[in-house]
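Student: Submitted below is the structure of interest, expressed as structure tokens.
The values are calculated or read from the model by the stated rules, or taken from the named source; none is laboratory data. Model, not experiment: these values are computed from the prediction. Every residue, glycine as well, gets a Cβ built from its backbone with ideal geometry; the counts of neighbours run over all protein chains shown. Protein only, heavy atoms only, side chains kept; ligands, DNA and RNA dropped before computing areas. Shrake-Rupley method; radii C 1.70, N 1.55, O 1.52, S 1.80 Å.
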Amino acid sequence: MRKIDIIFIALFFLSCNRHGHNNDAELTNVLSKGKWIDLTYSFSAETLYWPSVTTTFHLDTVFYGNTPGGYFYSAYSYSAPEHGGTHLDAPVHFAKGKNAADEIPLEQLTGIAVVIDVTAKVVSNKDYLITVQDVEAWETTHGQIPDGAVVLFKTGFGKFYPGAASYLGTNEKGEKGIANLHFPGIDPALSEWLVKNRKINAVGLDTASVDYGQSKDFKTHQILYEANIIGFENVANLDLLPEKGAYVIALPMKIKGGSGAPLRIIAWIEK
């Protein structure tokens, strides 16, 4: 992707009201040369949640059908935990006093995407911890991660969703289910390295947690969120993104004081 394309996209999504008519036309031309990828799983009875969660996504029909006035009408009510399916982890989830879901700057919810593929290493180790060396290998090929990037880790686990036995490592619930969680995550050492050496907006991955399934202290959560870096979990369709060049928009439900929220995350890529 040309640098000018990224600039136009960034300007549009972060400050679109500042553009004049000619810039809008040029931006439209740029966007027409790409396509949007949905990185979000639909919320339904199949949505996966942590084994300890006792409630899941639920949709109730308020009305569905023809009204006395002769027109069709449908309406529903829903309930869901903050954390499950494709969702945002707000920093306050593991860091007291840090940003809640409604306090995250919009600029932090967008950014150039970096996709780091560790699928080959996960095949032989479901509990794989993504390392500093994995990131350095990506940078050797593509250059340093840019400031404000959204760093997405592709583990290959997305192909298992929503099958809990393969995706989470277990169908079991409660403490027994938690003990049997097996999926890859981000090594705390990498989290520390990212905080100290790079200026990123967010991390995301195609697993249920930024920490690996067998984590007992959720150290990666603690380190990243203490630095007000946000997390995207259960991200879909990472296999459709290039390693470099996509642009991500990730908009959560704006829950006041929320520790997280259901997320609609999309990416623009060049055709």
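Student: If I ask for residues that are within 15 Å of the chain's Cα centre (by Cα) and among the basic types (K, R), which ones from segment 146-186 would you list?
Tutor: K154 - this is the single residue of segment 146-186 that is within 15 Å of the chain's Cα centre (by Cα) and among the basic types (K, R).
Student: While we're looking at this one, here's another question. Tell me, which residue of segment 220-241 that is open to solvent by less than 50 Å² (accessible area, probe 1.4 Å) and over 13 Å from the mean Cα position of the chain (by Cα) is nearest to D206 (Cα to Cα)?
Tutor: So the first thing to find is which residues in segment 220-241 are open to solvent by less than 50 Å² (accessible area, probe 1.4 Å), and the list is 220-221, 223-225, 227-236, 238, 241.
Those left that are additionally over 13 Å from the mean Cα position of the chain (by Cα): 220-221, 223-225, 227-228, 241.
Details: T220: 16, H221: 16, I223: 20, L224: 17, Y225: 19, A227: 22, N228: 21, L241: 12 Å.
Here the residue is L241.
Student: Kindly indicate whether W268 is more than 10 Å from the chain's Cα centre (by Cα) and within 17 Å of V118 (Cβ to Cβ). Before the answer, list the steps.
Tutor: Details: more than 10 Å from the chain's Cα centre (by Cα): yes; within 17 Å of V118 (Cβ to Cβ): no.
Considered against the rule, which asks whether it is more than 10 Å from the chain's Cα centre (by Cα) and within 17 Å of V118 (Cβ to Cβ), W268 comes out as no.
Student: Ok, one more. If you take the residues of segment 5-43 that are open to solvent by 40 Å² or more (accessible area, probe 1.4 Å) and of a type in the set (S, T, Y), which of them is modelled with the lowest pLDDT?
Tutor: Only one residue tops the list, namely T28.
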